[in-house]
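**Q** My questions will all concern the structure given below.
Nothing in this text is a laboratory measurement; each read-out follows from the coordinates by a stated rule. As the structure is a computational prediction, the values presented were derived from the model and not from experiment. So basically every Cβ, Gly included, is an ideal-geometry build from the backbone, and we count neighbours across all protein chains shown.
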Amino acid sequence: MAAPPSDPGGQDAIAAALSPMAEQSVVCPGCGAVVPDVPELRSDHLYVGAAAGCWAAYTELIGREMAEPALLGIHMLAADVYPAQHPGVAGRQSSQSVWVHLVGLCLVLEHDFDVAMSARAKARLAAPDARFEWLEPPSTLGPTTVLDILATDGAEEHARAVRYWATQVWEAWGPHHESIRNCATELLRS
Ligand SMILES: [Zn+2]
């Protein structure tokens, strides 16, 4: 009697193709997270230096924060952390984005601004004609990524993780702290 085929109907191959492990993965150039390659989203994120799969994860994070009233405040902090961890390459918009979001982190973490106060202060940096020098990003921007935040359970844990993420990304930008602190101090004086 002939042995039964080891993979009747090719079920193993189909299961393998549907498994998340079968997706092409890429390393996000900003945070270093290993994320699925999702080419259809590649044009979505303009000048932010993120892999499309990482940006998709960030979009999911925004959705979770918007759906949970207790997380609306922390969302404004996450909205500074993510771009600061994904600076992209030198350009007018990317340079301005890095400055605005790092000043935002500085105001919240070092000046105890709440996120609404930080947003009002940062608005003055976001003028369309403002020009900022490019801050060369450090080689790594902290071990925590958006994937770690998505892995948390419950609003409290989520908020604590975002705050920790913010601290790590801010510390990683240490070589530019003096410039950012000066800019934040100028904003506070004016
Ligand atoms: Zn990323």
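**Q** In Å³ and rounded to a whole number, note down the convex hull volume per residue for the Cα atoms of the range 54-189.
**A** Residue-normalised Cα hull volume stands at 105 Å³.
**Q** Calculate the spin-label point distance for Val26 paired with Leu188, positioning each point 7 Å from the Cα along the beta-carbon direction, and give it in nanometres.
**A** Each label point lies 7 Å from its Cα, and together they span 4.0 nm.
**Q** At 0.36 nm per residue, and after removing the present C-alpha to C-alpha distance, how many nm does the segment from Glu60 to Ser139 gain when stretched out fully?
**A** The Glu60-Ser139 span can extend by a further 25.8 nm.
**Q** Additional query: With each label point set 7 Å from Cα along the Cα-Cβ vector, what nm distance links Ala70 and Asp129?
**A** 4.7
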